[in-house]
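Down below is the structure, laid out as structure tokens.
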Amino acid sequence: MQQPHSEIPDSEIDVCLVVEGAYPFVAGGVSSWLDWLIRNQPELSFAVVAIVADDGPRQQKMAFPDNVVHFSTVALSPRRAGRSRQFPRQAADWFGTRLEKVLAEGDRAAFADLVAFAETPQPRGALRKRRQPGRSDLLDSMASWDAMLRVYEQRAPQSSFMDFFWAWRFLLGGFFSVLTADLPKAACYHAISTGFAGLLAARAALAHDRPALITEHGIYTNERRIDLTMADWLSDTIDKGPRGIDARKDVRDFWIESFEAFARVSYATARRITTLYRGNQTFQRAIGAEDEKLVVIPNGIELGQFAGLEPVSTGRRPTVALIGRVVPIKDIDTMIVAAAEIRRNVPDVEVLIMGPTDEDPDYFATCQKRVQSLGLENTVRFTGRVNIFDYLPRIDVLTLTSISEAQPLVLLEGGAAGIPCVATDVGSCREIIEGAPDEAPKLGTAGFVVPPMSPQAMSEAVVELLMDDALRRACGAVLKRRVESRFSSGASSRRYADLYREAMAA
Amino acid sequence: MSAPGLSPPPSRLEHALSWTAGGRVLGPVASFLERMMVVAGPWLISITALAVISVTFEPVLGRSGIEDLSLTVIYALCLAPLTAGPVGAVVARLLNEAAEAGDGEGRTASLTLVGLVVAGFGAAVLAVLVGLALGIADRGLMVAFVFLTVASAQLWVCLAILAALRAYGFLMAAFTAGMALSVGAMFFTARATMSIDFLVWSFTAGLFFFVMLSTGRVVGRVWPESERVLQACRVFFPALVQQRFLVLGILFAFLAVWVDKWVFWFGPDSIVSDAGFRHFGYYDSVMFAAHLSILPTFAAMSVFHDGPLTRAVETFRARLHTRANHESVRASVTDLGTTVWTGVIRIGFVQGIVTIAAILLAPIVARLLDFDITQFFLVRIGFVAVFLHAIIYLLGAILVMSGRIRTFCAVQGLHLAANLFFSVSFYFTVGVSTYGFFVASLAVIPVAFGAAHVALSRFLYFSLVGENESLYIGN
């Protein structure tokens, strides 16, 4: 694993980035954005604390920029765990009460108490020797066990006890890993999600009396809720009937509510909470984020690389493109079905699916079969991973059929090339295509927003754009102006610089 | 004529035999006797055989010859459990784990072979060291002593494995055959020669015969391939390290039973036999008689373990596996606690009655064993001391069942240290007495009881977290 370029004393680190399950071990998406963020703040020094599942070896997928001066990992479930030393009964009761308040209410004060508790040497073991509690002491102690039983009886007394126990081990194990991890000292702490990253930044802020910032691309709690609702490794003990109306709680509910509680703690401790678009702020407010802390900082793209692109309008078929990985969440299947409808109106249309096809081979095979069954072999083409700049000049309409998105960079890239878009109404797509509510002056519409999983709506919108050159050109121009004014890399990095300046001065 | 596919009904004789031997009348008795054989068979048979040999052949072998023969057997049976006990316990646990994982048949043979070799080797080393330390000059007797110790260790391992496999019927039959060969061979040898080492070899032959029969029963007709045996080694030795507290606890338990005797063996009043074995028969005969009174507790605990206790533990596990809620799981834990305390109290009560009976029968015991008046008083205290030891044994069993292995190890270590301390203290203040063992056991009981109470009241916590070794990978 690559080490940072230089090790400077912790006290001189400007920003400590806390990231979960991404950078530097996963390429693409949030990792690419973090790399962009660090490189675009060259005057600041960064520490990176990566939260990982366990302490097994990992391959680093992204190289550190020169201004990353510290890197460490925090394992949520380390394989090596020391034996627990028990707390005295008085400390056990105090400890259990605060755990309950954090999990039930996301209580910031209780969390702060626990942070202080974990930082302070406590009398432990038979000899009551004072030492700082380790993860095992907190997770495996009788105090934690008693707290678990109390929470179980309050929250999900009819649920499977063993399922609850293992849920507790994971959630509180990660919680205690966060509480006991080594932390670099920095002027501010910036978590790139809530969840365990948000907790770690909150803990660091409380322990070092420095500000914490949160940036959410997707809403972590929402994503966990979706994952947990669909998880087949979680079995429901309580039959809530066909209507699902039942006040009793199952372990699945405990999982979801715990992540919400973690988010509440993170929001309550953070100084600023940023996201990519306004729609996300609704979810943040619903979990308790205070209005005055909320800020929208959209992602940006390097406009310069699109400057020399000249559209090619002759000697080619009408072209519709979807730029994205061939995976279920991109709902390529809807695009293929829509392609059949588009061809009925525009017989010589070419529909390009531009993105890697090796991430989910089964799904790719399903898509290929769909193409064959609809007789679209001459219409739909999978290009694989390509350089989009080779194709952008020849694309008439850009589409996005995703079921879930945050702020898709492909729409911004298409917009920078002056290409109108038709996208599903997920994430920030409506804001990109129709403009944010606070856009001034109003620039107009840059395409169409359609419901997810609706090939009919998608095909109608695409056909309208293909058949109307003037509309297509106007929408493309609107999107280009919008991207240049709101979604440039320079604008975004200036806003983050302001954010850091304000935090470091606090 | 019976219909095809149906076996004929049993005859009246078969029915009667099945009803009496396997039914409610003699079934529990048979089960109890089987457990007695497992826990104390070698001792009982050895003492019986030596007693018969002594009475029959003392005029021929002489008092010193009988003494050397007896002490050779006593030393061998004393040293053997020090390796066989821990090794047997680890092998039995590994066999249970393999059976639960569905790989019982594959591992039994290879683990048995590894256990026998390790226990035998350890016993040989111990016997050589002890023999050299004692300065046993007779090389023939020294070699015989080493092999007897090896055979004894391997016998204990076989007993543990057959008990783990619940092969009690075979165990009884094979053990009887082995002991019959031992006694018969000794009788034959005593008539033919006056050599003590040949007598020891004769006794050893019976033990090895039992080991051979047991090994054949476990291994079967096809010996495991070398790769299987190597694989068993790769499983066994790490398990020995991983279960080091269980190993140490069992070792401490055996040492705690013997240390008071050794205090006298190596004290200023000790006697050295012609062959070089140190002993103090005045005290040994008293405590050996006293220790016999604890055998019902060992056997009863084994029957209780395989019966009500196992059922209660399986109910508890079933509740967890069927994803019951906490209320249901807690109810099964409460039932388990009730079962355990009820069983322990019942066994303790019965042992108490046995102890009282033994005290009341002490005059008869003293007369039979030719005790003097001091020994008569010593054996009565000894019976009480052994009763207290039985309580410690029962409480230790609770700790092991609850997974509190480190605490079990600590309690046994405490008993060992206390027995050593008090035995030495009383020896040098009061003189020869059984007060050392008595006071040590009395002092340890409150600690053991407190630990057992915590273990059961927090059983669910210890099972899932506190003593769940799978959570501490790497330690």
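The values are calculated or read from the model by the stated rules, or taken from the named source; none is laboratory data. All of these numbers come straight from a predicted model, not from anything done at the bench. For neighbour counting, all protein chains shown are included, and Cβ atoms are generated from backbone atoms with ideal geometry for every residue, glycine included. Heavy atoms of the whole protein, side chains included, go into the accessibility calculation; ligands, DNA and RNA do not. Shrake-Rupley method; radii C 1.70, N 1.55, O 1.52, S 1.80 Å.
Would a scan of region A:328-350 turn up a residue that is touching a strand residue (DSSP E or B) at 6+ places or on another chain (Cβ under 7 Å) and assigned to a strand (DSSP E or B)?
Of all residues in region A:328-350, those touching a strand residue (DSSP E or B) at 6+ places or on another chain (Cβ under 7 Å) come to A:332, A:335-336, A:339, A:342, A:349-350.
With the extra rule that they be assigned to a strand (DSSP E or B), the set shrinks to A:350.
Yes.
Hey, any hits in region B:316-331 for a residue that's away from every other protein chain (no Cβ under 14 Å) and in a helix (DSSP H, G or I)?
Of the residues in region B:316-331, the ones away from every other protein chain (no Cβ under 14 Å) are none.
Taking every residue of region B:316-331 in turn, none turns out to be away from every other protein chain (no Cβ under 14 Å) and in a helix (DSSP H, G or I).
Yes/no per residue for (1) over 19 Å from B:R191 (Cβ atoms); (2) open to solvent by 50 Å² or more (accessible area, probe 1.4 Å); (3) assigned to a helix (DSSP H, G or I):
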site: B:A40; (1), (2), (3): yes, no, yes
site: B:W43; (1), (2), (3): yes, yes, yes
site: B:I47; (1), (2), (3): yes, yes, yes
site: B:V52; (1), (2), (3): no, yes, yes
site: B:T56; (1), (2), (3): no, yes, yes
site: B:D68; (1), (2), (3): no, no, yes
site: B:Y75; (1), (2), (3): yes, no, yes
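Give the residue, chosen from B:I347, B:I373, that is farther than 24 Å from B:V430 by Cα, among the hydrophobic types (A, V, I, L, M, F, W, C) and open to solvent by 10 Å² or more (accessible area, probe 1.4 Å).
Details: B:I373 fails: farther than 24 Å from B:V430 by Cα.
Criteria check complete, one pass: B:I347.
For a quick check of your reading of the model, give me the residue pairs whose first member lies in region A:147-166 and is under 16 Å from A:E257 (Cβ atoms) and more than 7 Å from chain B (Cβ to nearest Cβ), whose second is at pLDDT 90 or above and open to solvent by 40 Å² or more (accessible area, probe 1.4 Å), with beta-carbon atoms closer than 8 Å and at least 6 apart or on different chains.
Taking only residues 6 or more apart or on different chains, the pairs are A:R155/A:E257.
Please determine whether any residue of region A:190-212 is open to solvent by less than 40 Å² (accessible area, probe 1.4 Å) and of a type in the set (D, E).
no
Is it the case that B:F277 is within 21 Å of B:S110 (Cβ to Cβ) and open to solvent by less than 20 Å² (accessible area, probe 1.4 Å)? Break it down into steps so the answer makes sense when it comes.
On the way: within 21 Å of B:S110 (Cβ to Cβ): no; open to solvent by less than 20 Å² (accessible area, probe 1.4 Å): yes.
It is false that B:F277 is within 21 Å of B:S110 (Cβ to Cβ) and open to solvent by less than 20 Å² (accessible area, probe 1.4 Å).
Taking the conditions exactly as written (among the polar types (S, T, N, Q), at pLDDT 95 or above and either open to solvent by less than 20 Å² (accessible area, probe 1.4 Å) or closer than 30 Å to B:F376 by Cα (or both)), does B:S433 satisfy them or not? Reasoning before the result, please.
Values: among the polar types (S, T, N, Q): yes; at pLDDT 95 or above: no; either open to solvent by less than 20 Å² (accessible area, probe 1.4 Å) or closer than 30 Å to B:F376 by Cα (or both): yes.
When the stated conditions are applied, B:S433 does not pass them.
Out of curiosity, is B:T334 without any contact (Cβ under 8 Å) to a residue 40 or more places away in the chain and in contact with a Pro (Cβ under 6 Å, 6 or more places away or on another chain)?
no
Is it fair to say B:A192 is open to solvent by less than 20 Å² (accessible area, probe 1.4 Å), more than 19 Å from B:A76 (Cα to Cα) and not charged (D, E, K, R)? Before you say what the answer is, go through the steps one by one.
On the way: open to solvent by less than 20 Å² (accessible area, probe 1.4 Å): no; more than 19 Å from B:A76 (Cα to Cα): yes; not charged (D, E, K, R): yes.
Considered against the rule, which asks whether it is open to solvent by less than 20 Å² (accessible area, probe 1.4 Å), more than 19 Å from B:A76 (Cα to Cα) and not charged (D, E, K, R), B:A192 comes out as no.
Do you know which residues across region A:171-198 are part of a helix (DSSP H, G or I) and not aromatic (F, W, Y)? Before the answer, list the steps.
Residues of region A:171-198 part of a helix (DSSP H, G or I): A:171-180, A:195-198.
A:L171, A:L172, A:G173, A:G174, A:S177, A:V178, A:L179, A:T180, A:G195, A:A197, A:G198 - these are the residues of region A:171-198 that are part of a helix (DSSP H, G or I) and not aromatic (F, W, Y).
From the list B:F422, B:F428, B:F449, B:F462, pick out the single residue that is open to solvent by 20 Å² or more (accessible area, probe 1.4 Å), assigned to a helix (DSSP H, G or I) and either among the β-branched types (V, I, T) or at pLDDT below 95 (or both). Please lay out each step first, then the result.
Numbers: B:F422 fails: either among the β-branched types (V, I, T) or at pLDDT below 95 (or both); B:F449 fails: either among the β-branched types (V, I, T) or at pLDDT below 95 (or both); B:F462 fails: open to solvent by 20 Å² or more (accessible area, probe 1.4 Å).
The unique qualifying residue is B:F428.
Tally time: how many residues in region A:29-54 are surrounded by 15 or more Cβ atoms within 10 Å (Cβ to Cβ) and either over 27 Å from A:V410 (Cβ atoms) or among the β-branched types (V, I, T) (or both)?
Final tally of qualifying residues: 10.
Of these, B:G450, B:G431, which one is away from every other protein chain (no Cβ under 14 Å), farther than 30 Å from B:P238 by Cβ and without any contact (Cβ under 8 Å) to a residue 60 or more places away in the chain?
On the way: B:G450 fails: away from every other protein chain (no Cβ under 14 Å).
Matching residue, one of B:G450, B:G431: B:G431.
Kindly indicate the residue of region A:107-146 that is within 14 Å of chain B (Cβ to nearest Cβ), open to solvent by less than 20 Å² (accessible area, probe 1.4 Å) and not hydroxyl-bearing (S, T, Y) and also nearest to B:N468 (Cα to Cα) among those meeting that condition.
Once the filter is applied, the top-ranked residue is A:D140.
Which one is farthest from A:A167 (Cα to Cα), of the residues in region A:61-70 that are within 21 Å of the chain's Cα centre (by Cα) and open to solvent by less than 40 Å² (accessible area, probe 1.4 Å)?
Selected residue: A:F64.
For the subset of region A:310-340 comprising residues that are in contact (Cβ under 8 Å) with a residue 24 or more places away in the chain and farther than 25 Å from A:K369 by Cβ, which member is least open to solvent (accessible area, probe 1.4 Å)? Spell out the reasoning first.
Restricting attention to region A:310-340, the residues satisfying the condition of being in contact (Cβ under 8 Å) with a residue 24 or more places away in the chain are A:310-312, A:316-340.
Filter once more, so that each one left must be farther than 25 Å from A:K369 by Cβ: A:310-312, A:316, A:318.
Numbers: A:E310: 132, A:P311: 99, A:V312: 60, A:R316: 64, A:P318: 33 Å².
Result: A:P318.
Output the residues belonging to region A:173-189 that are surrounded by fewer than 24 Cβ atoms within 10 Å (Cβ to Cβ) and of a type in the set (A, V, I, L, M).
A:L179, A:A181, A:L183, A:A187
Would you be able to say whether some residue in region B:241-262 is touching a residue at least 40 places away in the same chain (Cβ under 8 Å), within 14 Å of chain A (Cβ to nearest Cβ) and either open to solvent by less than 50 Å² (accessible area, probe 1.4 Å) or in contact with a His (Cβ under 7 Å, 6 or more places away or on another chain) (or both)?
No, that holds for no residue.
Restricting the search to region B:305-331, which residues are touching a residue at least 40 places away in the same chain (Cβ under 8 Å) and open to solvent by 20 Å² or more (accessible area, probe 1.4 Å)?
Result: B:H305, B:D306, B:V313, B:R330.
Among the residues of region A:360-383, what is the count of those that are surrounded by 12 or more Cβ atoms within 10 Å (Cβ to Cβ) and assigned to a loop (DSSP other than H, G, I, E, B)?
Within region A:360-383, residues that are surrounded by 12 or more Cβ atoms within 10 Å (Cβ to Cβ) and assigned to a loop (DSSP other than H, G, I, E, B) number 5.
Select from region A:24-56 the residues that are among the aromatic types (F, W, Y) and in contact with a Leu (Cβ under 9 Å, 6 or more places away or on another chain) and write down the one among them that is nearest to A:D182 (Cα to Cα). Show your work before the answer.
Taking region A:24-56 first, the residues among the aromatic types (F, W, Y) are A:25, A:33, A:36, A:46.
From what's left, in contact with a Leu (Cβ under 9 Å, 6 or more places away or on another chain): A:33, A:46.
On the way: A:W33: 25, A:F46: 16 Å.
Of everything passing the filter in region A:24-56, A:F46 is nearest to A:D182 (Cα to Cα).
Given the criterion assigned to a helix (DSSP H, G or I) and crowded, with 21+ Cβ neighbours inside 10 Å, identify the matching residue among B:V411, B:V400. Please lay out each step first, then the result.
Values: B:V400 fails: crowded, with 21+ Cβ neighbours inside 10 Å.
Answer to the check: B:V411.
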